[in-house]
Structures are given as C-alpha cells and as structure tokens.
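Structure record follows, encoded as structure tokens.
The values are calculated or read from the model by the stated rules, or taken from the named source; none is laboratory data. Given the structure is predicted, the values throughout are model-derived calculations rather than measurements. No Cβ is skipped: glycine too gets one built from the backbone with ideal geometry, and neighbour counts run over all protein chains shown.
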Amino acid sequence: MQQKQLFEYAVIRVMPRVEREEFLNIGVIVYCAKQKFLQARYLINEQRLQAFCADLDITELKEHVCSLERICIGDKDAGPIGKLDIASRFRWLTATRSTIVQTSKVHPGFCIDALETLNKLFEQLVE
C-alpha cells in the first residue's frame with residue numbers, strides 16, 4: 001500500500017481589476033516535495049475572459065501564464081527564478097502579488113499521486 005504524502009496547491013486566478021477583487025480561476029499549481037513534483041495546469045477560456053473583462057489583453061495573459069508553467073518545470077528560459085530549487089520556485093510562484101495573474105493562498109493536503117491530484121483539483125476548481 002502506498003503511503004500518502006503531503007502536497008500543497010494554489011489556484012491561479014485572473015484578476016483584471018485588482019481593486020475590485022473579482023477573479024476567475026484559470027489554473028492550479030501543485031507541489032509535492034517527496035515526489036519532486038511541481039506542475040501547473042491551466043485553461044484560458046478566451047470567451048469567458050472577454051465576457052468578464054472586455055479590455056483584457058489575452059495575448060499578454062497567455063504569456064504570463066506560460067511563464068508560470070516554465071518556472072514550474074525549471075525551464076532554462078524561465079530566467080533566474082527557473083534556476084531555483086523546486087521548493088523555492090513554488091514559494092515564488094505563490095507569493096502574494098497585486099497583478100492581473102495571482103494565486104490563491106497555499107492549501108495543504110495528502111496525496112498518493114501528485115499528477116492525479118493536480119488533475120482532480122483542476123476539474124473541481126477550474127473547469
């Protein structure tokens with residue numbers, strides 16, 4: 001029997017007008033130290049985002065969200081943050097910020113398979 005391991009996750013949100021604190025969930029980041037796992041999964045539903053905020057620059061949004069994914073995997077094109085260890089990358093990704101792309105507070109849980117957990121959270125919180 002496989003033992004459950006601690007994981008942490010945060011929801012990726014688009015908040016076009018930070019001062020209004022209205023947002024749409026577009027993705028999830030999951031980190032599991034024991035499994036050396038850090039991945040993001042996201043969905044940019046252009047129609048839904050345009051209805052939410054007509055003047056949102058979708059191309060720019062896609063660039064920002066893709067950079068989160070590159071940082072997760074430690075891509076060489078992710079700059080100095082991408083070179084950090086996996087735990088530091090997760091902490092950087094989930095740091096509080098006041099930009100259009102934000103993450104929720106970090107939530108803990110236990111899982112057997114971090115990828116399966118990522119997919120499950122994505123279905124529950126984004127789709």
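Restrict the check to region 40-48 and report whether at least one residue is in contact with a strand residue (DSSP E or B) (Cβ under 6 Å, 6 or more places away or on another chain), of a type in the set (A, V, I, L, M, F, W, C) and buried (at least 18 other Cβ atoms within 10 Å of the Cβ).
For region 40-48, residues in contact with a strand residue (DSSP E or B) (Cβ under 6 Å, 6 or more places away or on another chain), of a type in the set (A, V, I, L, M, F, W, C) and buried (at least 18 other Cβ atoms within 10 Å of the Cβ): present.
Being polar (S, T, N, Q) and within 21 Å of D75 (Cα to Cα) is the filter here, so list the residues in region 22-60 that pass it.
Restricting attention to region 22-60, the residues satisfying the condition of being polar (S, T, N, Q) are 25, 35, 39, 45, 47, 50, 59.
Of everything in region 22-60, those that are polar (S, T, N, Q) and within 21 Å of D75 (Cα to Cα) turn out to be Q35, Q39, T59.
Can you tell me how many residues within region 93-107 are modelled with pLDDT of 95 or more and either more than 12 Å from the chain's Cα centre (by Cα) or farther than 18 Å from N25 by Cα (or both)?
Number satisfying all stated conditions: 1.
Consider region 91-106. How many of its residues are surrounded by fewer than 16 Cβ atoms within 10 Å (Cβ to Cβ) and in a strand (DSSP E or B)?
Of the residues in region 91-106, 0 are surrounded by fewer than 16 Cβ atoms within 10 Å (Cβ to Cβ) and in a strand (DSSP E or B).
Residues in region 13-35 that are more than 22 Å from C111 (Cβ to Cβ), touching a helix residue (DSSP H, G or I) at 6+ places or on another chain (Cβ under 9 Å), surrounded by fewer than 19 Cβ atoms within 10 Å (Cβ to Cβ) and aliphatic (A, V, I, L, M): how many?
The total comes to 1.
Can you tell me which residues in region 80-90 are part of a helix (DSSP H, G or I) and either surrounded by 11 or more Cβ atoms within 10 Å (Cβ to Cβ) or β-branched (V, I, T) (or both)? First the steps, then the outcome.
Going through region 80-90, the residues part of a helix (DSSP H, G or I) turn out to be 80-82, 86-90.
Across region 80-90, the qualifying residues are I81, G82, I86, A87, S88, R89, F90.
Against the conditions (1) on the phi > 0 side of the Ramachandran plot; (2) at pLDDT 90 or above, where does E21 fall short? Just the number, please.
So the condition that E21 fails would be (2).
With the condition kept exactly as written, say whether any residue in region 107-114 is farther than 19 Å from F7 by Cα and surrounded by 15 or more Cβ atoms within 10 Å (Cβ to Cβ). Reasoning before the result, please.
Of region 107-114, the ones farther than 19 Å from F7 by Cα are none.
Within region 107-114, none of the residues are farther than 19 Å from F7 by Cα and surrounded by 15 or more Cβ atoms within 10 Å (Cβ to Cβ).
Can you pull out every residue in region 44-73 that is over 19 Å from T99 (Cβ atoms) and touching a residue at least 24 places away in the same chain (Cβ under 8 Å)? Show your work before the answer.
Start the filter on region 44-73 by keeping residues that are over 19 Å from T99 (Cβ atoms), which leaves 45-48, 50-51, 54, 73.
R48, I73 - these are the residues of region 44-73 that are over 19 Å from T99 (Cβ atoms) and touching a residue at least 24 places away in the same chain (Cβ under 8 Å).
Listed residues A40, A51; which is of a type outside the set (S, T, N, Q) and part of a strand (DSSP E or B)?
On the way: A51 fails: part of a strand (DSSP E or B).
Being of a type outside the set (S, T, N, Q) and part of a strand (DSSP E or B) holds for just one of A40, A51, which is A40.
Within region 10-25, restricting attention to residues that are touching a Leu at 6+ places or on another chain (Cβ under 6 Å) and in a strand (DSSP E or B), which residue is farthest from N119 (Cα to Cα)?
Pass one, region 10-25, residues touching a Leu at 6+ places or on another chain (Cβ under 6 Å): 11, 14, 16, 25.
Now narrow it down to the ones that are in a strand (DSSP E or B): 11, 14, 25.
Numbers: V11: 12, V14: 19, N25: 14 Å.
Among those that are touching a Leu at 6+ places or on another chain (Cβ under 6 Å) and in a strand (DSSP E or B), it is V14.
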